[in-house]
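Just so it is clear, none of the values below were taken in a lab; they were calculated from the coordinates. Given the structure is predicted, the values throughout are model-derived calculations rather than measurements. Here the Cβ positions follow ideal geometry from the backbone for every residue, glycine too, while neighbour counts run over all protein chains shown.
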Amino acid sequence: MSAAQLIVTMFGIFLSVFIAWFFWFAPKGQTRAAAGAGGLQEVAVTVKGGYTPDVIVVKAGQPVRLTFTRQESSACSEEILFPDFNKSSRLPEGEAVTLEFTPEKPGEYGFQCKMGMLRGKLVVE
């Protein structure tokens with residue numbers, strides 16, 4: 001293997017690792033839900049190449065309102081799924097979509113796009 005081939009191969013491996021980290025492993029932010037009147041916990045989530053924030057911390061037994069705003073046209077992000085709560089919703093581009101539910105048990109619950117490429121986590125304390 002020549003030096004040029006070795007450099008190109010090493011660059012390809014580095015680029016593959018960076019892409020995997022960027023899309024699946026890089027932290028995008030965590031937020032604690034703000035409790036409003038009546039104990040309603042609200043968080044606004046931006047959908048653009050992922051979920052921001054992608055980790056949401058809420059209290060068990062109190063209602064949660066998550067408002068998703070999709071700022072991209074990717075087909076993957078057209079729908080949000082909360083399989084543990086049996087909730088899902090379509091996310092039209094540029095429109096705010098609200099999901100409301102009350103998590104009863106503490107734990108960590110995943111949410112994702114319909115293809116499973118965009119992922120987030122709801123932490124219930």
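Overview of results
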read-out	value
Neighbour-count order for Tyr51, Tyr109, fewest beta carbons within 10 angstrom listed first	Tyr109, Tyr51
FRET efficiency estimate (nearest 0.05) - Cβ-Cβ, Ser73 to Val123, R0 41 angstrom	0.85
Karplus-derived HN-Hα couplings along segment 39-55 (A = 6.51, B = -1.76, C = 1.60, θ = phi - 60°), whole Hz, x at Gly and Pro	x, 5, 9, 10, 9, 9, 10, 9, 10, 7, x, x, 10, 10, x, 9, 10
Share, in percent, of DSSP beta bridges within the chain that are antiparallel, nearest 5	60
Amide H contacts under 5 Å for Glu72, placed H, 5+ residues apart	Gly94
Cα-centred dipole magnitude for segment 28-124, charges only on beta-carbon of K, R (+1) and D, E (-1), debye, nearest 20	200
For Met117, Met1, Met10, order by how many other beta-carbon atoms lie within 10 Å, fewest first	Met1, Met10, Met117
Computed over the chain, Cα set: Rg, Dmax in Å	18.0, 69
J(HN,Hα) series, segment 91-101, from Karplus relation 6.51 cos²θ - 1.76 cosθ + 1.60, nearest Hz, glycine and proline x	10, x, 4, x, 10, 7, 10, 10, 10, 10, 6
Reach of Lys87 by Cα under 14 Å, taken over aspartates and glutamates that are not fewer than 8 positions away in the same chain	Glu79, Glu100
Estimated vicinal HN-Hα couplings, Hz - segment 66-72 in sequence order (Karplus 6.51, -1.76, 1.60; Gly, Pro = x)	10, 10, 9, 10, 8, 10, 8
